[in-house]
1. State in Å² the accessible area per residue of the chain; use a 1.4 Å probe, count heavy atoms of protein chains only, and round to the nearest integer.
2. Using modelled amide H (1.01 Å from N, peptide plane; none on Pro or chain starts), what sits under 5 Å from the amide H of residue 3, excluding residues fewer than 5 places away?
3. Under the Kirkwood approximation for Rh and a Cα-based Rg, what ratio Rg/Rh is obtained for the chain?
4. Starting from 0 in steps of 10 Å, tell me what percent of the Cα-Cα pairs of the range 102-199 lands in each bin.
5. Rounded to the nearest 5, what is the percent of antiparallel bridges among the DSSP beta bridges in the chain?
6. Residue by residue, what Karplus-based ³J(HN,Hα) values in Hz, rounded to whole numbers, does the range 310-324 have, using 6.51, -1.76 and 1.60 with θ = phi - 60° and x for Gly and Pro?
7. For the range 96-113, what does the Karplus curve 6.51 cos²θ - 1.76 cosθ + 1.60, with θ = phi - 60°, yield as ³J(HN,Hα) per residue in whole Hz, taken in order and with x for Gly and Pro?
8. Give the cross-link partners of residue 270 among the aspartates and glutamates, using a straight C-alpha distance below 18 Å as the criterion and excluding same-chain residues fewer than 8 apart.
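The values are calculated or read from the model by the stated rules, or taken from the named source; none is laboratory data. Predicted model, so just to flag it, every value in this text is computed and none were measured. All Cβ positions, even for glycine, are placed from backbone atoms using ideal geometry, and neighbour counts span all protein chains on display. The area values use the complete protein model at the heavy-atom level, side chains included, leaving out ligands, DNA and RNA. Shrake-Rupley method; radii C 1.70, N 1.55, O 1.52, S 1.80 Å.
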Amino acid sequence: MKRTLLITGGAGFIGSHVVRLFVNKYPDYQVVNLDALTYAGNLENLLDIQDKPNYVFEKGDITDEARIEALFGQYAFDGVIHLAAESHVDRSIMDPLAFIKTNVLGTATLLNVARQHWKGHEDGKLFYHVSTDEVYGSLGQEGLFTEQTPYDPRSPYSASKASSDHFVKAYYHTYHLPVVLSNCSNNYGSNHFPEKLIPLAIHNIKHSKPVPVYGKGDNIRDWLFVEDHARAIDTIFHHGRLGETYNIGGFNEWKNIDLIHLLCKIMDEKLQRAPGTSAQLITFVKDRAGHDLRYAIDATKLNTELGWSPSLQFEEGLEKTVAWYLANETWLDNVTSGAYQQYYQDQYNKR
Ligand code: NAD
Ligand code: TYD
């Protein structure tokens, strides 16, 4: 079947894996990647598919209504997979309005244009909104987030994503826009921008620089390999029920400090350093404001309803990830030059 898909944020970390999967797996789909190429967007992530006949890149901002209108007019999309967002909690603490603009206003702009273009012929159309488990807030030591967990966002990032989720659901109920949503746990893997914990630690260990661990390193995150997230998005896009939310996660909780120790061990092996060398770089720094203690996803619904499960164990995925970063030094050097230096100073030198 032929389809024309708009994927937003396709030059980012998760978006690039989603674009690659759809372009390679569905040669009959025309995939249009709309991305503003912010600091987090990088077309180097897509070099292997950029010349494929079913792939087009469009540089543009999701808050630019006229541009979105023109793209819907030009391509007559029948599906949207919306990933474009400001995505880093620490940056949201520094500059919350940027998050409200892109994540809330940008999502609402896309919804509104899709509603107008699909009005009266919604059959076969789908607006897929990609969201995060952070909208559910912070867990204590017990329990998991299910699709019924009430929203309780606590950072400007999660508040902006929660707001965008609510608009997606509002458009479903009010206008019958065909939508589906997913809320995923923390991703890791190749092409992850080194502002986030795992790639930042890999980068710093490689350069024998301090590895900053917030607070006591007691916070817990639930980690999923990014290619497994992309597979889940493929499954939900094709088989998810309209109006539904699916939680995505691998039942893989790690305390930050334990994760960093595992990473240090893998890095010592890969860099042929004496055991314990990288762990000496661990530096406890001032905690993040409002730092959520624990995230953990119950992905039972996705597994039982749609048959998805993760393909990789964490240790294997982390080894693959480290191997990718060590083999792609130019990628890492390019993204850590220039503006990254200023960000790093602002974020870590005050701690
Ligand atoms: P990312 O920051 O790596 O990429 C975001 C992409 O969006 C970039 O390519 C950027 O250029 C683009 N973008 C930003 N603002 C834009 C705008 N106004 N218009 C058009 N493009 C714009 O983010 P990511 O980690 O790949 O996350 C992608 C999506 O998945 C986000 O919606 C995020 O909330 C969600 N998510 C992320 C995680 C995670 O662990 N990274 C987990 C669950 C859900
Ligand atoms: P991060 O990768 O920013 O993802 P999120 O905040 O969306 O979960 O952070 C993962 C965890 O690691 C989180 O508990 C904050 C912590 N962290 C550090 O300890 N040091 C760091 O330098 C960073 C970026 C994060």
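1. I get 41 Å² per residue for this part.
2. Answer set, sorted by chain and number: 29, 30.
3. That ratio equals 0.95.
4. The calculated distribution, bin by bin, is 14, 39, 31, 13, 2.
5. Just about 10 percent of them are antiparallel.
6. x, 9, 10, 6, 4, 4, 5, x, 5, 4, 4, 5, 4, 4, 5
7. So the Karplus estimates, Gly and Pro as x, are x, 5, 4, 6, 5, 5, 6, 6, 8, 5, x, 5, 4, 5, 4, 4, 5, 5 Hz.
8. 315, 316, 319, 329
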